[in-house]
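Asker: First the structure, which I've put down as structure tokens, then a few questions once you've had a look.
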Amino acid sequence: MEKVICDVCGIGYPETAAQCPICGCARADSGHTSAGNTSDSQEGNGYTPTKGGRFSKANVRKRLKAAQIQPVPVEIPVRVSEPEPEEEDYDDYDYDDVDDEPSSNRGLIVIVVVLLLAIIAVASYIAIVHFDIFGTNDPTTPVVTTSPTESSTSPTEFTGVRVPCTSLSVDHKITLVEQGGTMQLSFSVEPIDTTDEVKFVSSDESVAKVDATGRVTAVGDGEAVITVTCGDFMKQCTVSCVLNGTDVPTTPAEPSQPTTPSEPAETKYELRLNGTKPAYPIGDYSCEATFKTGGSFTLKVVDESGEAMNVVWTASKDGYVLIEGNTITCYKPVTGHIVISCEYAGNTYSCIVRINGDPIDFPTEDPDQPDTPDTPDTPDTPADPQEYFLRINGAEPVYQYNGQPNSADVSLTVNGKFRLTIVQDAELEKPVNDVVWTFSDDTVCSISGNQVTGIQKGTCTITAEYGGITFVIFVRVSG
């Protein structure tokens, strides 16, 4: 049986087949046959596999031989004129796959090597920085020791070179006015990267304690010395605790007119201006208001049920208002202000009153008498300046502000408190109740009655003038 040569893939297959069994191409009407029998095929499947396509030299020769036609010039397609390597790749397409395989393997090898180098670099960085495999010192190690009782670190304990302390400075004095109150001791060392430890020791822990960071805590009344050492340097700071025995009381200790001393003052009594809470309160027990001559207002101290207590109101100046029970009537304008106040259940209740307008006659005044000339804003009874003294928590100030008499330099913490009073006669210690204090910065500290409270970190100055004396208190509030 004759065979037919496929025009596309060049495979010989029996002429009885309608299409090529390899590529599926339909048999051409002018299909070429080749001599041979299907029984002679090595594959035993009726066709002979050959290489090349329709225009390959080998298939052209086979087709000519099968047709028993002498070779004649054949028009060679343009493909034959291509470079020899491309003709060989076209004749045997299997070479392309063989050439591509080494190139793909080389790219994979390069990627694997890069990944291995990256892993080695990261592992080396972690070993050097975090595990200190070369024994270098950690630059983040703090200079201050964690315990004041530990001995100074010796040079043999360092893995690197010791950096000795060359300078040490410490606060000379601090004052604490609240039991349990704390303050950070201010200190500095040079160089800042010194490896010497900074240690703190208190001479009397029953008065003041100090921790490893230099924070001082008030324990009891008295003075203690905090010794600070760093390397070969030593400095000392004096700590004064003026606590008046135990915790600082929240109300004045010596009420002048306690009607019901057994009842707590802070939780039961309030100040009322014209029957309501003051629109401009100054602390818990004071307020501020402005009135015209001829106008009147009421001041009351009431309990939780609203019942008015029996109190006696007094004015800081005579000749300006008329007080009748809880009703105050304004008759004369005042330069500055006057203070209407009373004492009840251990607290001082007061109202700062400013009066403007034209003066009017008091009901009991003789119209023929000339008006009393306006006097400066001074206390009712001028006194010898030497008879008035400043007290902090009932005692003389430990530190004076800029060395001035009747002044104080006080330190306290946020929400810390101390009692501020002016007394007449150093021996009798009689408190003065109608003192008006002013602040340089009321956001740092506040005063209610005669109790000062720290509000936020900062400094402020509290001043007052009484009996011809100026009283100054410089307050340092720490966080």
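The values are calculated or read from the model by the stated rules, or taken from the named source; none is laboratory data. Every value quoted in this text rests on a predicted model; they were computed, and no experiment measured them. Quick reminder, even Gly has a Cβ in these numbers, built from the backbone with ideal geometry, and neighbours come from all protein chains shown. To get the accessible areas, we keep the full protein, side chains included, count just its heavy atoms, and leave off ligands, DNA and RNA. Shrake-Rupley method; radii C 1.70, N 1.55, O 1.52, S 1.80 Å.
Asker: Would you mind checking K173/K199; K268/K332; K277/K332; K317/K417; K268/K317 for any pair whose Cα atoms are more than 28 angstrom apart?
Answerer: Numbers: K173/K199 18 Å; K268/K332 35 Å; K277/K332 26 Å; K317/K417 31 Å; K268/K317 30 Å.
Over 28 Å apart, Cα to Cα: K268/K332; K317/K417; K268/K317.
Asker: Note down the accessible area of H172, probe 1.4 Å, to the nearest 10 Å².
Answerer: 140 Å²
Asker: Just how much of I447 is accessible, in Å², when a 1.4 Å probe is used and the result is rounded to the nearest 10?
Answerer: Accessible surface of I447 is approximately 20 Å².
Asker: Could you work out how far apart the two model spin labels at T463 and E307 are, taking each label as a point 7 Å from the Cα in the direction of the beta carbon, and quote it in nm?
Answerer: Placing both labels 7 Å along Cα→Cβ, they lie 4.6 nm apart.
Asker: Order the following by accessible area, largest value first: M309, M234. Probe radius 1.4 Å; ligands, DNA and RNA are ignored. Intermediate values should be presented prior to the final figure.
Answerer: Values: M309 30, M234 120 Å².
Largest accessible area first, the residues go M234, M309.
Asker: Right, another one. Taking amide H atoms as placed 1.01 Å from N in the peptide plane, list the residues 5 or more away in sequence, or in a different chain, whose amide H sits under 5 Å from that of R215.
Answerer: L185
Asker: Going by accessible area, probe 1.4 Å, with all protein chains left in place, what is the ranking of K332, K277, K317, largest first? Please list the in-between numbers first.
Answerer: Values: K332 35, K277 135, K317 10 Å².
So, going from the largest accessible area down, we get K277, K332, K317.
Asker: Sticking with this one: Round to the nearest 0.05 the FRET efficiency obtained for K235 and T335 when R0 = 41 Å and r is the Cβ-Cβ distance.
Answerer: Working: r = 52 Å, r/R0 = 1.27.
My answer for the efficiency is 0.20.
Asker: Taking all protein chains as present, what is the carbon and sulfur share of the accessible area of region 396-477, in % to the nearest whole number, probe 1.4 Å? Could you put the intermediate results ahead of the total?
Answerer: On the way: 1650 of 3760 Å².
Using a 1.4 Å probe with all protein chains present, region 396-477 comes out at 44 percent carbon and sulfur.
Asker: Additional query: At a probe size of 1.4 Å, how large is the accessible area of R419, to the nearest 10 Å²?
Answerer: Here the residue's solvent-accessible area equals roughly 20 Å².
Asker: Residues with amide H under 5 Å of T290's amide H, sequence separation 5 or more or different chain, H placed in the peptide plane at 1.01 Å from N; which?
Answerer: For T290, whose amide H was placed from the backbone, the distant partners under 5 Å are R354.
Asker: Here's a follow-up. R0 = 41 Å: FRET efficiency of D425 with S169, Cβ-based, nearest 0.05?
Answerer: On the way: r = 43 Å, r/R0 = 1.05.
In this case the efficiency is close to 0.45.
Asker: Per-residue HN-Hα couplings for region 207-216, Karplus 6.51 cos²θ - 1.76 cosθ + 1.60 at θ = phi - 60°, whole Hz, x for Gly and Pro?
Answerer: 9, 8, 10, 9, 9, 5, 9, x, 8, 9
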